[in-house]
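**Student:** Here it is, the structure in full.
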Amino acid sequence: MTIKKTKPKVAKPKKAKVTSAKQGIYTPKFPEKYIGDANNIKYRSRWELRAMYYFDMNINFLKWGSEEISIPYIKPTDKKVHKYIPDFYVEYINSKGEVVKELIEVKPKKEVRQTKKSTEYDLLCIAVNEAKWLSARQFCENNNLGFRILTEDQLFK
């Protein structure tokens, strides 16, 4: 499932506070949509920042939260239980007018799928991520949520 290619309906007020740093604090324009502490929304990449701005400003997104859910998973490298914290929880209205609830992870393609150019480190990241996402999909299935991974292909169309 990908974000629709149609032009989203975007609110017209003053822009939310956005910086160009790779990490920082996002200040939403519509804090009432945020689930959690709207004064302490941390982004860990420009891609997450872009997603936050989209969720905040798009009127089809009713609620969203960043790093608000923790899911246990078994890390394949040490066989121990760790916590996976998906990047986002969102609630939005889809093209059919239905409210959709999803967990969303933002990752570069090289950490999602193996290619001929994948390094040993990339392959390790992919293995750990697959373990996280397997647990996330099970969690979502048990809680009637969708799960989606967004890469640069979806974020920069």
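**Student:** Do you know which residues across region 138-157 are more than 15 Å from residue 89 (Cβ to Cβ) and surrounded by 13 or more Cβ atoms within 10 Å (Cβ to Cβ)?
**Tutor:** 138, 151, 152, 154, 155, listed by residue number.
**Student:** Here is a list: 90, 81. Which entry is within 21 Å of residue 31 (Cβ to Cβ) and touching a strand residue (DSSP E or B) at 6+ places or on another chain (Cβ under 6 Å)? Before you say what the answer is, go through the steps one by one.
**Tutor:** Working: 81 fails: within 21 Å of residue 31 (Cβ to Cβ).
Checking each option against the conditions leaves just 90.
**Student:** Same structure again: Note down all Cβ pairs under 8 Å where the first residue falls in region 93-109 and is part of a loop (DSSP other than H, G, I, E, B), the second is of a type outside the set (Lys, Arg) and exposed (fewer than 11 other Cβ atoms within 10 Å of the Cβ), and they're at least six residues apart or on different chains.
**Tutor:** Pairs found: 95/6.
**Student:** Which condition breaks for residue 77 when tested against (1) touching a residue at least 12 places away in the same chain (Cβ under 8 Å); (2) assigned to a strand (DSSP E or B)?
**Tutor:** (2)
**Student:** Confirm whether residue 86 is touching a helix residue (DSSP H, G or I) at 6+ places or on another chain (Cβ under 7 Å), surrounded by 12 or more Cβ atoms within 10 Å (Cβ to Cβ), of a type outside the set (Val, Ile, Thr) and touching a residue at least 40 places away in the same chain (Cβ under 8 Å).
**Tutor:** Yes.
**Student:** Here is a follow-up. Which ones in region 57-96 are out of contact with any His (no Cβ under 8 Å at 6 or more places or on another chain) and β-branched (Val, Ile, Thr)?
**Tutor:** 59, 69, 71, 77, 81, 85, 90, 93
**Student:** Restricting the search to region 82-118, which residues are of a type in the set (Val, Ile, Thr), touching a Lys or Arg at 6+ places or on another chain (Cβ under 8 Å) and within 18 Å of residue 135 (Cα to Cα)?
**Tutor:** 104
**Student:** When both residues are 6+ apart or on different chains and their Cβ atoms are under 8 Å apart, which pairs have a first residue that lies in region 118-146 and is under 16 Å from residue 72 (Cα atoms), and a second that is hydroxyl-bearing (Ser, Thr, Tyr) and not in a loop (DSSP other than H, G, I, E, B)?
**Tutor:** Sorted first by the residue in region 118-146, then by its partner, the pairs are 131/73; 132/73; 132/84; 134/73; 135/73; 135/84; 136/73; 136/84.
**Student:** Is it true that some residue in region 105-117 is under 17 Å from the mean Cα position of the chain (by Cα), at pLDDT 95 or above, surrounded by 11 or more Cβ atoms within 10 Å (Cβ to Cβ) and acidic (Asp, Glu)?
**Tutor:** Yes: one or more hits.
The values are calculated or read from the model by the stated rules, or taken from the named source; none is laboratory data. Since the model is a prediction, treat every value here as computed from it, not as a measurement. Cβ atoms come from the backbone with ideal geometry, glycine included; neighbour counts cover every protein chain shown.
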